[in-house]
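Undergrad: The structure's right below; bear with me while I get my questions together.
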Amino acid sequence: MANLKFEEALSRLEEAVKSLEKGELPLEESLKVFEEGIRLSKNCLKMLDEAEKKVEVLSQDKDGKRRTRPFELKGNPDSEASSSGTEERPSHG
């Protein structure tokens, strides 16, 4: 399972959830699916955490200091002032 890509793990997790939500599996099978879902969930969380750490490293400034700021999608009404993406704002927190 450690070799799964994030998208594959997430897809398998979604299938496990759908299968459990139907409520048609016998108890033993439900437990196996649930256990696999927990493993997949932990695996996805680990991959997301690793990706977040990589983003933090990539967003360091020239002096090596991390500059964290909220992720902003283009077209977000709250991010009109920084739509160019070149202006760096101080972190809030």
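Undergrad: So for the stretch 1-60, averaging the separation of alpha carbon pairs under 8 Å that are six or more residues apart and normalising by length, what relative contact order in percent results? Provide the component values of the computation, followed by the final result.
TA: Numbers: 26 pairs, mean separation 26.2, N = 60.
Relative contact order for the stretch 1-60 comes out at 44 percent.
Undergrad: Using only the alpha-carbon atoms, what does the stretch 1-60 span along each of its principal axes? Please give whole angstrom values in decreasing order.
TA: 51, 17, 13
Undergrad: Apply 1/(1 + (r/R0)^6) to the Cβ-Cβ distance of E8 and K62, taking R0 = 41 Å, and write down the FRET efficiency to the nearest 0.05. Could you put the intermediate results ahead of the total?
TA: Numbers: r = 38 Å, r/R0 = 0.92.
The pair E8/K62 has a calculated efficiency of 0.65.
Undergrad: Take the residue pairs K18/K53; K18/K54; K32/K54; K18/K42; K42/K62 and return only those whose Cα atoms are more than 24 Å apart. Show your work: numbers first, answer last.
TA: Details: K18/K53 31 Å; K18/K54 32 Å; K32/K54 33 Å; K18/K42 18 Å; K42/K62 34 Å.
Flagged as over cut-off: K18/K53; K18/K54; K32/K54; K42/K62.
Undergrad: From the backbone phi of the stretch 42-54, what are the Karplus-calculated ³J(HN,Hα) couplings (6.51 cos²θ - 1.76 cosθ + 1.60, θ = phi - 60°) in whole Hz, Gly and Pro given as x?
TA: My calculation for the stretch 42-54 gives 4, 5, 5, 4, 5, 5, 5, 5, 5, 5, 4, 5, 5 Hz in order.
Coordinate-derived values only; no laboratory data. Worth saying up front: this structure is predicted, and the values here are computed from it rather than measured. Cβ sites come from the backbone with ideal geometry, for glycine too, and all protein chains shown count toward neighbours.
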